[in-house]
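Asks: Here it is: the structure, laid out below.
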Amino acid sequence: MPSMDESWQMRNGMEIPNRSVLAAMTNKQSHGDGRLSDDEIGFLLRRAKGGFGIITTAASHVQKSGQGWEGEFGVWSDHHLPGLTDLAMNLKKYDSRSFVQIFHGGMRAPSSLTGQQPCSASENFISENEGHSRALTIEEVEETIRDFIDAAKRCESAGFDGVELHGAHGYLIAQFLGTNTNRRIDRFGGTVEERCEFLLTIIRGIRAVVRPDFAIMVRLSPVSNEIGITLEETKQVIALLIEEDIDAVHISCWDVFDVQDNGKTVTHEICSTFSDSIPIVSTGSVWTADDAQFVLDEGAQAVGVARVALPHPDWPSLVANGNSLSRPPFSPEELLQADLSPVFVDYMRRWKGFVTDGR
Ligand SMILES: Cc1cc2nc3c(=O)[nH]c(=O)nc-3n(C[C@H](O)[C@H](O)[C@H](O)COP(=O)(O)O)c2cc1C
């Protein structure tokens, strides 16, 4: 079995120096018009300096109306290019490969932020306050696909190594994949293949406009009762993705130690079928070196982490050296010292038990 400090390759041959992946983390630190802030750039550079093999940015919206969170940076316009270029060029000073996570919030893009009724694959109930989403017309679906493609091209022009298409956590791509949220009767709804059409058309469109060594990774939630996705369907989705020119799949497990009814983890289930065909990154509740090795032993090529990288920006080397790692809660001062801005620290107060004076 590989160890965390071994290099590996994406399907396109891109060399990744080790098995540590900084998973996407929304951090609310950027500007109202979607331009990246120095705080968000500084936060990511600190983790690149800390030795992560891959740095993934926070989710970034491809359309103004797809914004999910206040302070989220955007990739929907050329006015974002200077900030994106600044980040990409500075990341090149380190050994990390750089990925922008691109997404559209769909029914999870609040009207309070976008000024528009949220849209989705179908008309879906959101909440008492927000009401229902509107189903995108076919022209709007095609326009959204074009915006994903333009956003990926923008990331390539800025100098990033790739994009991660955010098909996890119930946002627009997942809303197309799920049976609960996609009841369309056109070519974008129906069977698993048809519900995948939105994602597959985005991938083909990106591939047609970027250079061959620009990597495309796809992030999925393997199981979601809310959206309506089973593990079996996710396997069918991955089988379809493997037919496309993509370079890795990233599964978001939230807890990699959870087991299915058959006693196997989701990582094992997916990697035992697909690891030979495509690299799999798996993420969720990894803290220590042993946790990370468990994920590799389950068959993943690389291990994603989010929360542990907040107090421990040097996580890859700490893990490689077998250092013990302090656990939550962390004081605001500890997090500020690890290059989180006061805005990000405040956001982390919402994550139960993470900040000493938070929830
Ligand atoms: C503050 C915070 C923001 C997050 N934002 C994103 C995001 O923008 N995109 C995404 O795919 N996942 C996001 N996640 C989920 C993480 O990428 C990761 O899958 C999850 O936190 C589980 O990993 P962990 O146990 O190592 O934290 C976020 C998690 C946290 C803690």
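Every number in this text was worked out from the coordinates using simple rules, so none of it is lab data. Note that the structure is predicted; figures quoted are calculated from it, not measured. All Cβ positions, even for glycine, are placed from backbone atoms using ideal geometry, and neighbour counts span all protein chains on display.
Asks: Hey, got the dipole for the range 8-327? About the Cα centre, +1 on K and R Cβ, -1 on D and E Cβ, debye to the nearest 20?
Replies: The dipole of the range 8-327 has a size of about 600 debye.
Asks: Something else now. Tell me, rounded to the nearest percent, the portion of alpha carbon pairs in the range 74-144 spaced more than 20 Å apart. Provide the component values of the computation, followed by the final result.
Replies: Working: 1205 of 2485 pairs.
Percentage above 20 Å: 48.
Asks: Another question, then. Do me a favour and compute the ellipsoid semi-axes for the range 8-327 from its Cα gyration tensor, root of five times each eigenvalue, largest one first, whole Å.
Replies: Three semi-axes, in Å: 28, 24, 19.
Asks: With the chain treated as a Gaussian network of Cα nodes joined by springs under 10 Å, which of 236, 175, 29 yields the largest mean-square fluctuation?
Replies: 236
Asks: A further question follows. Using DSSP, restrict attention to beta bridges with both residues in the range 8-327 and report what percent are antiparallel, rounded to the nearest 5.
Replies: 15
Asks: Looking only at 257, 214, 103, which one moves most when the chain is put into a Gaussian network model with springs between Cα atoms under 10 Å?
Replies: Comparing 257, 214, 103 in the GNM, the peak value goes to 257.
Asks: First select every other residue whose beta carbon is under 14 angstrom from the beta carbon of residue 80; then total the charges, Lys and Arg +1, Asp and Glu -1.
Replies: -4
Asks: Right, next: Within straight cross-link reach of residue 49, meaning Cα distance under 19 Å, which aspartates and glutamates are found once same-chain residues fewer than 8 apart are removed?
Replies: Partners found: 5, 6, 15, 38, 39, 40, 86, 95, 161, 314, 334, 339.
Asks: With a cut-off of at most 11 other beta carbons within 10 Å, and DSSP calling the residue loop, which GluC sites (Glu not before Pro) in the range 116-193 qualify? Please list them.
Replies: For GluC sites (Glu not before Pro) across the range 116-193 that sit outside H, G, I, E and B with at most 11 neighbouring Cβ atoms in 10 Å, the list reads 128.
Asks: Using just the helices of the chain, give the 222 nm mean residue ellipticity in deg cm²/dmol: DSSP H runs with n ≥ 4 each add -39,500 (n - 2.57), and the total is spread over all residues, rounded to 500. Provide the component values of the computation, followed by the final result.
Replies: Values: 12 runs with 121 residues, N = 359.
That calculation yields -10000 deg cm²/dmol at 222 nm.
Asks: Explain nothing, just the number: dipole magnitude of the range 30-165 about its Cα centre with +1 on each Lys and Arg Cβ and -1 on each Asp and Glu Cβ, in debye rounded to the nearest 20.
Replies: On the way: 13 positive and 21 negative charges, 122 e Å.
Result for the range 30-165 is approximately 580 debye, rounded to the nearest 20.
Asks: Using the crude model of +1 on Lys and Arg Cβ and -1 on Asp and Glu Cβ, and no other charge, please compute the dipole size for the range 217-335 relative to its Cα centre, in debye to 20.
Replies: Dipole of the range 217-335, to the nearest 20 debye: 240 debye.
Asks: On a full-extension model of 0.36 nm per residue, what is the gain between residue 321 and residue 258, subtracting their alpha-carbon distance, rounded to one decimal in nm?
Replies: Details: separation 63, 0.36 × 63 = 22.68 nm, distance 2.69 nm.
Between residue 321 and residue 258, full extension yields 20.0 nm more.
Asks: Considering the convex hull of the alpha carbon atoms of the range 1-140, report its projected area averaged over all viewing directions, in nm², one decimal.
Replies: One quarter of the hull surface, i.e. the mean projection, equals 10.7 nm².
Asks: Place +1 on the Cβ of every Lys and Arg and -1 on the Cβ of every Asp and Glu in the chain, take the dipole about the Cα centre, and give the residue among 89, 273, 55 whose Cα lies farthest towards its positive end.
Replies: Comparing the listed Cα positions along the dipole, 89 ranks first.
Asks: Between the alpha-carbon centers of the range 7-53 and the range 295-342, tell me the distance in whole angstrom.
Replies: Using only Cα atoms to place each centre, the spacing works out to 14 Å.
Asks: Quick one: length gained pulling residue 187 to residue 46 fully straight, 0.36 nm per residue minus the C-alpha distance?
Replies: 46.4 nm
Asks: Would you mind pulling out the separation of the Cα centroids of the range 69-103 and the range 173-225, in Å?
Replies: Each part reduced to its Cα centre gives a spacing of 23 Å.
Asks: Would you mind calculating the gained length between residue 70 and residue 285 on full extension (0.36 nm times residue separation, minus the Cα-Cα distance), in nm to one decimal?
Replies: 74.9 nm
Asks: Modelling each spin label as a point 7 Å along the Cα-to-Cβ direction, I'd like the residue 276/residue 33 distance in nm, to one decimal.
Replies: 5.4
Asks: Binned at 10 Å from 0, what are the whole-percent values of the Cα-Cα distance distribution for the range 270-359, short to long?
Replies: 16, 40, 28, 14, 2
Asks: Moving on. Taking the Cα centre of each part, how many Å lie between the range 238-266 and the range 126-170?
Replies: Using only Cα atoms, the two centres lie 22 Å from each other.
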